[in-house]
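A quick write-up on the structure given underneath.
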Amino acid sequence: MTISQAGSYPSSKGIKISTVDTKEVLCGTALIKRGFAHMQKHGVIMDVTNVEQAQIAEDAGAVAVMVLDKLPYDVRHAGGVARTASVKVIQSILDSVSIPIMAKCRIGHSSEASILEEIGVDMVDESEVLSPADENRHIWKWNYTTPFVNGAKNLGEALRRIEEGAAMIRTKGEPGTGDVSQAVAHIRMVNNEIKKIKGIYDNNDDQELIRISREIQSSFEIVKETGKLGRLPVVNFAAGGISTPADAALLMKLGCDGIFVGSGIFKAEDPLERAKAVVIATTYFDDPKTVLEAQKMIDEKKSMLGLDTKNLDLKMQERGPTI
Amino acid sequence: MNNELLIGVLGLQGDIEENIKATTNALKEMNLKGKVLSVRYPEEIMKIDGLIIPGGESTVMGLLIAIKNGLLDAITKILQEGLPVMGTCAGMIVLAKKSYDKIVGNKRQLLLGVLDIEVERNSFGRQYDSFESKLNISGIGNDYKGIFIRAPTVISVGPQVEILSKFDEKIVAVKQENIIGTSFHPELSGDYRMHRLFIQLVTNWKDANKGHQNF
């Protein structure tokens, strides 16, 4: 099988079984959910807050759009509580673009997630960009037929989210800052941890794998499977602070499967050109000539100014349950 | 003269690596020598004996084909030469003559137009309705695991098109001479019979045409 089943929970409520012409039809299996995430690979998923932005994203070559009420940069400035987007806005985007539509819900807010599933979004992002609704538990994502994506800043977080049912992982980074340093730190961390585990797996040292799984608070089974695969069992995207084609290329080079861009596009003054340029740089990340062509399409004077990640009032990456 | 097959997977967006792996495994099962690689440049396209257009988003692949200098011309040229090509899911849409989206209707998108079919995108609905089920595929059997992810289906076919499989009365796999299109993802099923069917076309084509310039 091309798609790993590691950490999956076969008796989950999210699996719907029906019959067509005497044949069993299964919806919401780990394969179908993770398979959806695999279709996003090498693509760019763009944050949008209305139909106009969704249209621009689609025209620019976004592989999917992520609907939220306010862009992460604006969430920081508005303060208060950030919740899932208006049903009306999500519905209008569902009615107008043909690419997949994702939407964010609050961490642990299983009702917001159910609403998003009922409206018909293609993937739910249980996101630290919104105010967490539960400080102890994330959503048990196996209860849903719709796949989920979660953020992670290290391997333990990523594997815990996968064991809860996440079909896709993204780095947390520090959203809305226009600074990629945190996303880079998070993907490096995950990569280094996997490399270490792979070495231990190759040495057949189960005792050490058990010790590490306790240390990173994940199950031995999924840690071992990750060591065997030499990568996460699900698709892993970069997110948090990406603003330019060069940023996208940098994170692809570090081994990400694709890119999320949040405030970077619609907080810039040249969103359509920039969106196209980020798409090109993501596909041709390993070809400096083409990345240069993409970078030429944008003007640094039109990039979002950004925020210093060291002096933030709110560190989104640190929100939510620690386990 | 090099007998080793060179198969390209269009490397712009989507499940490129999964198709490379499935094709490599299919070659092994058939005891054939060959290389499978991701192709993104006109000069790479001109060297291959067969092309796979993977799953992903058809609008994105269309845009990226149009944007790279010479890429569309190179793909058009090899398709005109009759080089075997297989499109899985989004790949089938890109090959089709006509397409529309079930939910939002007509969308401007680049289609290569070589496969004489009209496709309905998102034909079974959105991701919530994506599914896996056993399929009956002619020439393969009735036990093929079909993986449908926001899958398109074929609404109408031209006279040259052979229907390989239907599911719930919808056409989900077609063949037109050297072109194969599937609604589902054979690269994700772990069953390489669909990729083997394609490799057989590549082998036949190479034997008949003495291969491309890759010797």
Q) (1) more than 29 Å from A:Ile99 (Cβ to Cβ); (2) small (Gly, Ala, Ser); (3) surrounded by 18 or more Cβ atoms within 10 Å (Cβ to Cβ): which one isn't true of B:Gly141, the others all being true? A) (3)
(Q) Just the residues that are in contact (Cβ under 8 Å) with a residue 60 or more places away in the chain and assigned to a loop (DSSP other than H, G, I, E, B), please, taken from the stretch A:251-298. (A) A:Leu254, A:Gly255, A:Cys256, A:Asp257, A:Gly258, A:Gly262, A:Lys267
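Residues checked against (1) facing chain B (nearest Cβ under 10 Å); (2) of a type outside the set (Gly, Ala, Ser):
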site: A:Asp21; (1), (2): yes, yes
site: A:Ala30; (1), (2): no, no
site: A:Arg34; (1), (2): yes, yes
site: A:Met39; (1), (2): yes, yes
site: A:Val44; (1), (2): yes, yes
site: A:Val51; (1), (2): no, yes
site: A:Ala64; (1), (2): yes, no
site: A:Val87; (1), (2): no, yes
site: A:Leu94; (1), (2): yes, yes
**Q.** All strands (runs of 3 or more DSSP E) inside the stretch B:67-171 with 2 or more residues being within 18 Å of A:Val20 (Cβ to Cβ)
**A.** B:131-137, B:141-148, B:153-157, B:162-167
**Q.** the stretch B:1-28, subset without any contact (Cβ under 8 Å) to a residue 24 or more places away in the chain and either in a strand (DSSP E or B) or charged (D, E, K, R) (or both), residue nearest to the other protein chains (Cβ to nearest Cβ)
**A.** B:Glu17
**Q.** Condition broken by B:Leu110, with the remaining ones in (1) touching a strand residue (DSSP E or B) at 6+ places or on another chain (Cβ under 9 Å); (2) aliphatic (A, V, I, L, M); (3) touching a residue at least 24 places away in the same chain (Cβ under 8 Å) satisfied
**A.** (1)
(Q) Just the residues that are farther than 16 Å from B:Leu63 by Cα and surrounded by fewer than 23 Cβ atoms within 10 Å (Cβ to Cβ), please, taken from the stretch B:107-120. (A) B:Val114, B:Asp116, B:Glu118, B:Glu120
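Residues checked against (1) at pLDDT below 95; (2) over 24 Å from B:Leu6 (Cα atoms):
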site	(1), (2)
B:Ser38	no, no
B:Glu44	no, no
B:Leu63	no, yes
B:Leu72	no, no
B:Met86	no, no
B:Gly105	yes, yes
B:Gln109	yes, yes
B:Leu115	no, no
B:Val119	no, yes
Q. Does A:Val235 qualify as being surrounded by 22 or more Cβ atoms within 10 Å (Cβ to Cβ), closer than 14 Å to A:Met46 by Cα and in contact with a helix residue (DSSP H, G or I) (Cβ under 7 Å, 6 or more places away or on another chain)?
A. no
(Q) Just checking, does the stretch B:49-67 include any residue being away from every other protein chain (no Cβ under 14 Å), surrounded by fewer than 21 Cβ atoms within 10 Å (Cβ to Cβ) and not basic (Lys, Arg)? (A) no
(Q) Filter the stretch A:170-206 down to the residues that are in a helix (DSSP H, G or I), among the polar types (S, T, N, Q) and farther than 14 Å from A:Gly151 by Cβ and list them by number. (A) A:Ser181, A:Asn191, A:Asn192
Q.
Condition (residue is of a type in the set (A, V, I, L, M), touching a Cys at 6+ places or on another chain (Cβ under 6 Å) and under 29 Å from A:Ala183 (Cα atoms)) applied to the stretch A:93-114: is it met by at least one residue?
A. yes
Q) How many residues are buried (at least 23 other Cβ atoms within 10 Å of the Cβ) and more than 19 Å from B:Glu17 (Cβ to Cβ) if we restrict to the stretch A:249-262? A) 3
Q) Can you name every residue in the stretch A:138-162 that is polar (S, T, N, Q), within 14 Å of chain B (Cβ to nearest Cβ) and touching an Asp or Glu at 6+ places or on another chain (Cβ under 6 Å)? A) A:Thr146
Q: State whether the residues of the stretch A:79-101 include one that is in contact with a strand residue (DSSP E or B) (Cβ under 7 Å, 6 or more places away or on another chain), within 26 Å of B:Gly14 (Cα to Cα) and not aliphatic (A, V, I, L, M).
A: yes
Q. For the stretch B:85-105, does any single residue satisfy the condition of being surrounded by 19 or more Cβ atoms within 10 Å (Cβ to Cβ), within 10 Å of chain A (Cβ to nearest Cβ) and touching a Leu at 6+ places or on another chain (Cβ under 9 Å)?
A. yes
Q | Spans of helices (runs of 4 or more DSSP H) in the stretch A:1-120 with at least 1 residues over 20 Å from the mean Cα position of the chain (by Cα) | A | A:51-60, A:72-78, A:87-94, A:110-119
Q. How about the stretch A:129-152: which of its residues are closer than 24 Å to A:Ile101 by Cα, in contact (Cβ under 8 Å) with a residue 60 or more places away in the chain and part of a loop (DSSP other than H, G, I, E, B)?
A. A:Val129, A:Leu130, A:Ser131, A:Pro132, A:His138, A:Tyr144, A:Thr145, A:Thr146, A:Pro147
(Q) Just to be sure I understand the filter: pairs with C-beta atoms under 7 Å, separated by 6 or more residues or on different chains, first member in the stretch A:217-232 and farther than 16 Å from A:Ala167 by Cα, second member among the charged types (D, E, K, R). Which pairs pass? (A) A:Gln217/A:Arg160; A:Ser218/A:Arg160; A:Ser218/A:Glu163; A:Ser219/A:Glu163; A:Gly227/A:Lys198; A:Gly230/A:Lys198
**Q.** Residues of the stretch A:187-216 satisfying the condition of being in contact (Cβ under 8 Å) with a residue 60 or more places away in the chain and surrounded by 19 or more Cβ atoms within 10 Å (Cβ to Cβ)
**A.** A:Ile187
Q) From A:Ala268, A:Ala294, A:Ala275, which residue is within 14 Å of another protein chain (Cβ to nearest Cβ), surrounded by 14 or more Cβ atoms within 10 Å (Cβ to Cβ), under 21 Å from A:Val67 (Cα atoms) and modelled with pLDDT of 95 or more? A) A:Ala275
Q.
So, in the stretch A:8-19, how many residues would count as being of a type in the set (D, E, K, R) and at the interface with chain B (Cβ under 9 Å from one of its Cβ atoms)?
A. 1
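The values are calculated or read from the model by the stated rules, or taken from the named source; none is laboratory data. Note that the structure is a prediction, hence the values are computed from the model and not measured. In this analysis, Cβ positions are derived from the backbone assuming ideal geometry, glycine residues included, and neighbour counts consider all displayed protein chains.
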